[in-house]
1. Collect the residues in segment 173-197 that are within 14 Å of the ligand (Cβ to nearest atom) and in contact with a strand residue (DSSP E or B) (Cβ under 7 Å, 6 or more places away or on another chain), keeping them in residue-number order.
2. Surrounded by 15 or more Cβ atoms within 10 Å (Cβ to Cβ), closer than 26 Å to residue 48 by Cβ and away from the ligand (no atom under 13 Å from the Cβ): is that true of residue 170 in this structure?
3. If I filter segment 238-282 down to residues being polar (S, T, N, Q) and under 18 Å from residue 81 (Cβ atoms), which single residue comes out as farthest from the ligand (Cβ to nearest atom)?
4. Return the residues of segment 112-149 that are polar (S, T, N, Q) and either under 24 Å from residue 199 (Cα atoms) or more than 11 Å from the ligand (Cβ to nearest atom) (or both); say none if nothing qualifies.
5. Applying the selection to segment 177-201, what residues are surrounded by 14 or more Cβ atoms within 10 Å (Cβ to Cβ) and basic (Lys, Arg)?
6. With the condition being crowded, with 19+ Cβ neighbours inside 10 Å, I'd like the strands (runs of 3 or more DSSP E) fully within segment 24-87 carrying at least 2 qualifying residues.
7. Looking at segment 151-160, can you tell me whether even one residue there is touching a Cys at 6+ places or on another chain (Cβ under 6 Å), in contact (Cβ under 8 Å) with a residue 24 or more places away in the chain and either more than 30 Å from residue 27 (Cα to Cα) or within 16 Å of the ligand (Cβ to nearest atom) (or both)?
8. Pairs needed: first member in segment 210-238, over 20 Å from residue 143 (Cβ atoms); second member anywhere, part of a loop (DSSP other than H, G, I, E, B) and of a type outside the set (Ser, Thr, Tyr); C-beta distance under 6 Å; at least 6 residues apart or different chains.
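The values are calculated or read from the model by the stated rules, or taken from the named source; none is laboratory data. Note that the coordinates shown come from a computational prediction; the quantities given were computed from them, not determined experimentally. Glycine gets a Cβ as well: all are built from the backbone with ideal geometry, and neighbour counts include every protein chain shown.
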Amino acid sequence: MYDLIIIGSGPAGLSAAVYAKRAGLNTLIIEKNPVSGGQIINTYEVDNYLGIPGVNGFDLAMKFREHADNQGAEFAEGDVTAIDTVQAGNDTQAPIFKVKTETSEYETKTILLATGASHRKLGVPGEEEFTGKGVSYCATCDGAFYRGKVAAVNGGGDVAVEDAIFLARGCEKVYLIHRRNELRATKILQDELMSLPNVEIIWDSIVNSVEGDDKVNKINIENVKTGEKSSIDSSALFVAVGIHPLTDAFVKNVETDDNGYVIAGEDCATNVPGIFVAGDSRKKRLRQIVTAVADGANAVTAVQDFLVGKK
Ligand code: NAP
């Protein structure tokens, strides 16, 4: 019987693992991917995590994992398929949950959902067909394939602008297609983007479809203000239109907002006693590494409070 099972090993889950081990909680972290770190393993540079400016996302993830390992955290690989309530809790008795993966079952008194978020799709013709053949959701993973070529990025947030900056280092030309006439990204990133001679921003425009033969060669766009339709010759489309939470087919009865983000305050406690949420899948204003890490710490404090006086 575990005191706490953490589902997910991104910054929120790993932070929680460190705090939980230091608090003496018998803890298991279940991770779906063989590499811990969540979204940051695909981030080439993290420039706003206090004290380590410019750190590579993968390197930071490895540091987080090493920290959890050094505390003696126990990890299991698995895709959680269901959470069942074996016994409801009360003032003196902890609840018992059964967490099931495809191959194993674990019992625990509390659960921390730290499953994060994944890339949102455009849902336009050609997107699925050409995924892996020019359509990508990760510039740092696939950008090198388009060295010396023309590539496009869709979106106006931090990820889209970071992707465009990254691609501009190797591509002949980069188009940034954005549906409005101002970017959502942080000003410092916008300034860097604007300084690059081989980046062209296509404002007020959406992607209607992606075309190609065996690989992408054309992106069809539409100006949302004028209705004018046009095409860009491009070998790639990097889709960076945000993320959506991964909570989850397996979570029953946990209250979410309309977009699927789990509702919980700073203590990360959901409406289900014994189930907590941390990181990008929690409904909150700012989704960054620093807020995910803070959630992990706060959640474990709330888990400890929850377990006090319960067997
Ligand atoms: P985001 O900030 O939500 O931005 C998504 C962008 O995609 C927005 O510009 C949005 O347009 C656009 N968009 C959404 N749906 C669209 C659609 N169907 N068609 C076309 N465009 C669409 O998401 P993100 O850039 O993936 O970032 C996710 C979170 O991670 C954010 O909180 C971000 O700050 C954080 N992050 C931080 C860092 C860092 O601190 N270094 C790096 C990366 C990400 P509108 O602007 O019109 O809404």
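1. So in segment 173-197, the residues within 14 Å of the ligand (Cβ to nearest atom) come out as 175-190, 192-193.
175, 176, 177, 178, 179, 193 - these are the residues of segment 173-197 that are within 14 Å of the ligand (Cβ to nearest atom) and in contact with a strand residue (DSSP E or B) (Cβ under 7 Å, 6 or more places away or on another chain).
2. Details: surrounded by 15 or more Cβ atoms within 10 Å (Cβ to Cβ): yes; closer than 26 Å to residue 48 by Cβ: yes; away from the ligand (no atom under 13 Å from the Cβ): yes.
Yes: the conditions hold for residue 170.
3. Taking segment 238-282 first, the residues polar (S, T, N, Q) are 247, 253, 256, 259, 270-271, 281.
Adding the requirement that they be under 18 Å from residue 81 (Cβ atoms) leaves 247, 253, 281.
Numbers: 247: 16, 253: 27, 281: 12 Å.
So the residue we want is 253.
4. To start, the set of residues in segment 112-149 that are polar (S, T, N, Q) comprises 115, 118, 131, 136, 140.
Result: 115, 131, 136, 140.
5. Scanning segment 177-201 gives 179, 184.
6. On the way: elements: 27-31, 74-77, 80-87.
Qualifying strands (runs of 3 or more DSSP E): 27-31, 80-87.
7. So the first thing to find is which residues in segment 151-160 are touching a Cys at 6+ places or on another chain (Cβ under 6 Å), and the list is 151.
Restricting the remaining residues to those that are in contact (Cβ under 8 Å) with a residue 24 or more places away in the chain gives 151.
Okay, now just the ones that are also either more than 30 Å from residue 27 (Cα to Cα) or within 16 Å of the ligand (Cβ to nearest atom) (or both), so 151.
Yes, segment 151-160 contains at least one residue that is touching a Cys at 6+ places or on another chain (Cβ under 6 Å), in contact (Cβ under 8 Å) with a residue 24 or more places away in the chain and either more than 30 Å from residue 27 (Cα to Cα) or within 16 Å of the ligand (Cβ to nearest atom) (or both).
8. 211/126; 223/204; 224/204; 225/204
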